[in-house]
C-alpha cells in the first residue's frame, strides 16, 4: 500500500528543483559570464527566460496532464528536466546555455501543476489535502529563497555548471520511485482544451517586451529596427491576445477575473513584489562578488538575510493577522519594504555592504503579509467555477514578475553601471580586467563607485514600485461589504474551491498557512 507521506515527500522533490533553478544562477553569473564570454544582454536572457517559460506554459501543462495522465506527465517532465540540466551544465557557448534554460523552463512547467494535481489524488481528505498543499507552497517558497545559497555552496567546490547538476539525482529518484509511490491517474476522455494560439501570443508578447527592455542597455547588440518591431509586437500582440480571450468559451487567461478589484490589486501586487525581489536580488549578488570581491560561498552566506526576511515576514503575517486586519497589514508591510529599498541609497563605495544587507532583509520582511494573504484573496474573490483560472493567474504573475524583475531592474542597473563607468560591459568583466595582472586599484575603485551608483538606482526604482503597490492596497478593495454581490456573481458565503483547469489545486492553501503559491 502506498504511503501518502512518502508520496508527498517524493512530490516535493521536483517542486524544490523547479523553485531552486529560478534563482540558483545569481551567484554563478560572474563565473559563467567570464567562462562563456556572455554579453550583458545574454547574461540577462540566461537568467530570466526560465521563469518566463515556466510562468506561461504551466497553464498549458495543467490541461495536458488531464489528457495524458498526471503521473505520466510528471515523469516525462522529470526526464526532460534532467536532460536539459545536463545540457546546461556542460554548455560551451551562451547560446547553448540559453537554449538549455528554455528547455528547462518547458520541462519545469509540466512539474508544478502535476505535483499539485497528484497531491489532490494522494490526499482525498480535505483537511489532509490542505496541510499537504500548505507544505507544498512552503517548499516552493523556501527553496526559491535558498536558490542563491545553494548555488554559492556548490560554486565553492565546483564549477558554475554544477548548479544545474543538482537536478540530476533528484529527477532520477522521482523517475525510479514515481511509478511505485504515485497514483496512476487515468487520462480524461475529454480533458479541458487549452488554446495554444493564446499561449503562443502571450509568449511572443512577453519575449518582445523583454527584447525591447534589453535593447535600452548601452552597447546592446539589438539593432534599432528590431527594438522598434518588438515594441510594435507588444502593442499589437497584446490587443489581439486580449480580444481573443474575450471570444473564447474557456479563455487561456480569464481576463474577466480582472473586473474584480480585489483580484486586480492582488495580481498587480504579487507581480510588482516579484519584480522588486528578483531585480534587487540579482544586482545585490553581482555587487557582492564583483564590487565587494566576495567569494561565491561567502556571498551566499551574506545574501541569506533576503531569504530569512521573506520567511520571517510570511511566518509572522498570519500571527499578526489574528489581531490586525490583513487589509491593513499588507500596505503597512509594503511601506516597510519601501523604506528598506530607500536604505540602499545610504550604501557608498567605502561603507561596505552591511547597510545593503539590512536593506534587503527589510524589503523581504515587509513583503511577508502580501505573500501570506494575496493568493487567498484572489481565490476567495473568484467564482468557484473560475478558481483554477484564478490560481493560474496568481502563479503566472509570480513567475513572469520574477523574470520581468531580472529584465527590467537588471537592465536599469546595467545601464546605470555602464553610464557611470563610461564604457559597456558586465560587472564581472570589469572586475576581471581590473584584477590584472597587474592589479589596477584605480579601476577597482571606479568599478565599486559605478556598481554603487547602479545599486542606488535599483533602490530608488524599487522604492517607488513598492510605494505604488502600498497605495494600491490602501484602496478598500480587499473586502466587499456584506450583501454586496461580486461583479463576477460570486457569493462570499460560498468559499468552496473547485479546479476546472487542472491547475488550481493551490486554492486549498488556507489563509493562515498560505505562502507564495
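The values are calculated or read from the model by the stated rules, or taken from the named source; none is laboratory data. Because the structure is predicted, anything quoted here is derived from the model rather than measured. Positions of Cβ are generated from backbone atoms using ideal geometry, with glycine treated the same way; all protein chains shown enter the neighbour counts.
Tabulated data
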item	result
Residue that is surrounded by the most Cβ atoms within 10 Å (Cβ to Cβ) [pool: residues in the stretch 413-446 that are touching a helix residue (DSSP H, G or I) at 6+ places or on another chain (Cβ under 6 Å) and at pLDDT 80 or above]	417
Tally, over the stretch 138-186, of residues that are at pLDDT below 85, in contact with a helix residue (DSSP H, G or I) (Cβ under 7 Å, 6 or more places away or on another chain) and closer than 20 Å to residue 121 by Cα	8
So residue 300, is it more than 17 Å from residue 355 (Cβ to Cβ), surrounded by fewer than 23 Cβ atoms within 10 Å (Cβ to Cβ) and under 21 Å from the mean Cα position of the chain (by Cα)	no
Cβ pairs under 7 Å, 6+ apart, first in the stretch 13-29 and under 13 Å from residue 300 (Cα atoms), second in a loop (DSSP other than H, G, I, E, B)	28/160
Qualifying position, being modelled with pLDDT under 85, buried (at least 22 other Cβ atoms within 10 Å of the Cβ) and assigned to a helix (DSSP H, G or I), among 391, 341, 364	391
